[in-house]
Structure formats: structure tokens, C-alpha cells
Amino acid sequence: MEHIAYIALGSNIGDRFDYLRKAVTALNNHSCISVLATSSVYETDPVGYVEQACFLNMVVKVATSLSPFALLEATMDIEKQFGRKREVHWGPRTLDLDILLYNHENIETEQLIIPHPRMYERAFVLIPLFEIDESLIIPSVQHPLRSYVEQLSDQGVRIWKSRQAVEEQFMLARKEGV
Ligand SMILES: Nc1ncnc2c1ncn2[C@@H]1O[C@H](COP(=O)(O)OP(=O)(O)OP(=O)(O)O)[C@@H](O)[C@H]1O
Ligand SMILES: Nc1nc2c(c(=O)[nH]1)N=C(CO)CN2
């Protein structure tokens with residue numbers, strides 16, 4: 001698989017952990033996607049629209065042979081499969097998947113923007129991303145991810161399930177050369 005991407009997941013309705021587990025399993029079950037690493041699961045205070053329940057958030061690193069647009073389609077299919085409805089802007093959702101990075105590419109279209117334009121200010125994204133890869137450089141600005149993480153203040157981001165426990169409970173089948 002020739003491409004590396006990072007995907008952020010969030011849920012704040014229903015069995016939040018089960019939605020994350022099912023989504024990551026669905027990603028790994030896709031014939032053109034292999035999940036290489038999972039972060040811890042974090043419980044996070046809602047950002048933006050604050051009158052809603054706390055989220056569970058995590059980030060996964062994947063290898064894929066899909067183009068960025070085909071990867072977006074795959075993530076949107078998974079959101080739909082798990083009943084995602086968009087009612088309130090930045091409001092409650094069973095499942096949200098955002099593509100953060102795709103190789104070192106900068107993409108700006110109406111449908112897809114990579115790096116994800118709001119990732120820089122989101123502790124619930126930066127902290128799990130940094131946990132997976134401490135040496136990442138953000139391609140659009142060529143800044144180390146570390147410099148963003150070090151600037152985060154009151155984060156409202158707490159470990160809810162450790163990385164090791166997540167790996168044990170997700171039990172993802174290892175995939176070679178998809
Ligand atoms: N990097 C990206 N990852 C996922 N969706 C993206 C990305 N860039 C643009 N989009 C577009 O955003 C739309 C999804 O918006 P959505 O309703 O999920 O926003 P949101 O999750 O409420 O807010 P936010 O984008 O701030 O997380 C999709 O239709 C998709 O075309
Ligand atoms: N803590 C937290 N807050 C949010 C989240 C999220 O995933 N976690 N997603 C949003 C829209 O994508 C808006 N606000």
C-alpha cells in the first residue's frame with residue numbers, strides 16, 4: 001500500500017466506544033485499507049457547540065491504496081453505515097471521521113481539504129495524533145506537530161482507555177500488502 005493517512009474519529013451519542021471500535025474495524029476490513037496504529041481513546045469536552053455530551057476521540061494511522069477522494073468516500077460510507085445524521089453544525093453525532101493527513105499532500109477542493117483545516121486548534125485531534133507519531137511534520141506549513149502540541153493550554157482531553165487496552169479490545173487482523 002503506497003499511501004499513509006491519519007484519520008480522526010469521534011462519537012458522543014450512544015455506545016461511543018462501540019461506534020469507534022466498529023468504525024476502526026470497518027476501515028481495516030476494507031480491501032484497500034490497513035490500520036497500522038491506533039491511539040488511546042480520550043474523553044474530551046465538546047468544542048465549538050458546547051451544549052452537548054462529552055466525546056470519545058481517537059486517531060488511527062492507515063496504509064491505503066485509495067486516492068484521497070476514494071478514502072473520503074470510504075470514510076463517509078462508514079459514517080452512513082453507523083447512522084450518522086447531521087442536524088446541528090458541530091453538534092452531536094454517533095460517528096465522525098475526518099481525514100487529517102494524506103502522505104505529505106496539500107489538497108484544497110470544495111469536497112476535501114487536507115491537512116484538515118481545523119486540526120491545528122483541536123487538542124482532541126492533536127494529542128492522539130502526537131501519541132501515534134511524535135515526529136510528524138505538518139506538510140502545509142512545514143512545522144513539527146510537536147510545536148502545536150506544546151502550545152495547547154487547558155485541553156479538556158483525558159485518557160479514557162489506554163492505547164494498549166484499545167489494541168487488545170479492537171483485535172485488528174494484521175494485513176499485508178493490500
Ligand atoms: N479532510 C477532510 N476529512 C473529512 N471531510 C472533509 C475533509 N475536508 C473536507 N471535508 C468535507 O467535510 C464534509 C463533512 O463535514 P462534516 O459535516 O463531517 O463536518 P463536521 O464534522 O461537523 O465539522 P468538522 O469538519 O469541523 O469536523 C464532507 O462532506 C467532506 O466533503
Ligand atoms: N470534543 C470534541 N468536540 C467536537 C468534536 C469532537 O470530535 N470532539 N467534533 C466536532 C465537529 O467535528 C465539534 N466538536
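The values are calculated or read from the model by the stated rules, or taken from the named source; none is laboratory data. Remember, predicted model here, so these are calculated numbers, not experimental data. Note that we place each Cβ from the backbone using ideal geometry, even for glycine, and neighbour counts take in every protein chain shown. Remember, those area values only see protein heavy atoms, side chains included, never the ligands or the DNA or RNA. Shrake-Rupley method; radii C 1.70, N 1.55, O 1.52, S 1.80 Å.
Couple of notes before you dig in:
- Length released on extending from ARG174 to GLU73, taking residue separation times 0.36 nm less the Cα-Cα span: 34.1 nm
- Accessible surface of the chain [probe 1.4 Å, protein heavy atoms]: carbon and sulfur percent: 49 percent
- Sorting GLU51, GLU105, GLU2 on solvent-accessible area from highest to lowest, probe radius 1.4 Å, gives GLU51, GLU2, GLU105.
- Helix-only arithmetic for the chain: the sum of -39500 (n - 2.57) across DSSP H runs with n ≥ 4, divided by the residue total, places the mean residue ellipticity at 222 nm at -8500 deg cm²/dmol.
- Solvent-accessible surface (1.4 Å probe) assigned to VAL35 amounts to roughly 20 Å².
- Packing rank of 161-173, 92-104, where each peptide gets the mean count of other beta carbons within 10 Å, highest leading: 92-104, 161-173
- Simple rule: put +1 on each Lys or Arg Cβ and -1 on each Asp or Glu Cβ in the chain, find the dipole, and look at GLN155, ALA53, LEU112; the Cα lying farthest toward the positive end is ALA53.
- Structural size metrics of segment 17-82, computed from C-alpha coordinates, are Rg and Dmax of 13.2, 39 Å.
- Overall, the chain carries a charge dipole of about 380 debye about its Cα centre when +1 sits on the Cβ of Lys and Arg and -1 on the Cβ of Asp and Glu, all other atoms neutral.
- Non-local Lys pairs in the chain, i.e. 8 or more apart or on different chains, that have alpha carbons under 22 Å apart: 8
- Projecting the Cα atoms of SER39, VAL125, PRO68 onto the charge dipole of segment 3-176, computed from C-beta unit charges around the Cα centre, puts SER39 farthest toward the positive end.
- Ranking SER11, SER31 by solvent-accessible area of protein heavy atoms (1.4 Å probe, all protein chains present), from largest to smallest, gives SER31, SER11.
- Chain lengthening between ASN29 and ASP45 when straightened (0.36 nm per residue, less Cα-Cα): 2.7 nm
- Length added when fully stretched, ALA37-SER147, from 0.36 nm per residue minus Cα-Cα: 37.4 nm
- Accessible surface calculations at 1.4 Å, restricted to protein heavy atoms, place the chain at 51 Å² per residue.
- Relative contact order (percent, whole number), the chain, Cα cutoff 8 Å, 6+ residue spacing: 31 percent
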